[in-house]
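Single-structure report; data block below.
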Amino acid sequence: MMTCPMIIRVTQFLSLLEAVLLPHQQRNEPVDKKLFEMYFIYCVAWAFAGLFETDDRQRFFKEILEKIPNAPIPQISAARAANEKETIFDYCVHYETKTWKMWEVPEW
């Protein structure tokens with residue numbers, strides 16, 4: 001894991017949150033509580049654990065995010081989490097459907 005001062009992580013969190021909310025703001029679209037919580041969890045994950053190695057990301061997901069009561073996290077089966085090491089870092093919040101979507105490499 002790379003070390004990073006907490007102020008940088010907090011700044012990164014706020015920048016990410018501002019970026020994911022910007023399209024809604026530009027279109028004057030409301031963001032309901034559930035969608036905001038999804039964005040919030042996404043930004044927490046990347047800002048605070050984005051620099052972690054794969055094993056540490058898994059531990060962060062399992063020990064922190066999965067234990068938050070009613071957290072709107074992606075539904076990942078135990079088999080996929082164990083075999084494919086799938087975590088929240090493999091997902092993004094899809095702007096149009098407002099659901100978790102498996103992240104895909106964009107085509108050039």
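Amide H of Tyr91: which non-local residues (sequence gap of 5 or more, or other chain) have their own amide H closer than 5 Å, using H built in the peptide plane?
Trp103
Go through (i) 29, 14, 13; (ii) 22, 18, 14; (iii) 40, 20, 8 and flag the label whose value is the computed semi-axes √(5λ) of the Cα gyration tensor in Å for this structure.
It is the one labelled (ii).
I need the helices of the chain that pass two filters: whole DSSP H segments spanning 27 Å or more by Cα along the axis, and mean Kyte-Doolittle score no lower than -0.5.
6-26
Could you calculate the contour length gain from Asp55 to Lys67, that is, 0.36 nm times the residue separation minus the distance between their Cα atoms, to one decimal place in nm?
Result: 2.6 nm gained on full extension.
Just so you know, all these numbers are worked out from the coordinates, no wet-lab data involved. No experiment lies behind these values; they were computed from the predicted model shown.
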